[in-house]
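A.B. asks: Questions regarding the structure given below will be posed in turn.
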Amino acid sequence: MLMHYLLMIMVAVTTVASFEAVGSIIVIAMLIVPPATAFLLTRNLPTLILVSLIVAALSAILGQIASHIPPLLGLPDTTSSGMIATTAGFLFLLAWLFGPEGLIKKQSKQLEAPQFD
């Protein structure tokens, strides 16, 4: 029980400090989207934590890269936090569509012909 309260205090302190440092968009996106994406892909807790970390790192790296592309094409500059949040959302969308319990798999199961023995 003590570990639960310590973890909650650490998350609260980190969240409050992050709001001041980087802004609300990126804090909310990186707190919610990576674990939600990982939950769509696995139900095993150690695997869920690992996948969540990978999704967060991929979102940060790809979002940072994506924020530098529009000016190269002559388009207006974009913020890194917005692109990181967008990239995290895109990874969530991919997991929702193509994951083990994703929308595409559910639709394909409905379209399968019934098997009669």
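The values are calculated or read from the model by the stated rules, or taken from the named source; none is laboratory data. Note that the structure is a prediction, hence the values are computed from the model and not measured. Here Cβ is always computed from backbone atoms with ideal geometry, including for glycine, and neighbour counts include all displayed protein chains.
A.B. asks: I'm told residue 27 meets every condition in (1) in contact with a Phe, Trp or Tyr (Cβ under 9 Å, 6 or more places away or on another chain); (2) at pLDDT 95 or above; (3) not charged (D, E, K, R) except one. Can you identify the failing condition by its number?
C.D. replies: Going through the list (1) in contact with a Phe, Trp or Tyr (Cβ under 9 Å, 6 or more places away or on another chain); (2) at pLDDT 95 or above; (3) not charged (D, E, K, R), residue 27 breaks only (2).
A.B. asks: Counting just the residues of the range 92-109 that are outside any loop (DSSP other than H, G, I, E, B) and not aliphatic (A, V, I, L, M), which one comes out nearest to residue 36 (Cα to Cα)?
C.D. replies: My answer is 92.
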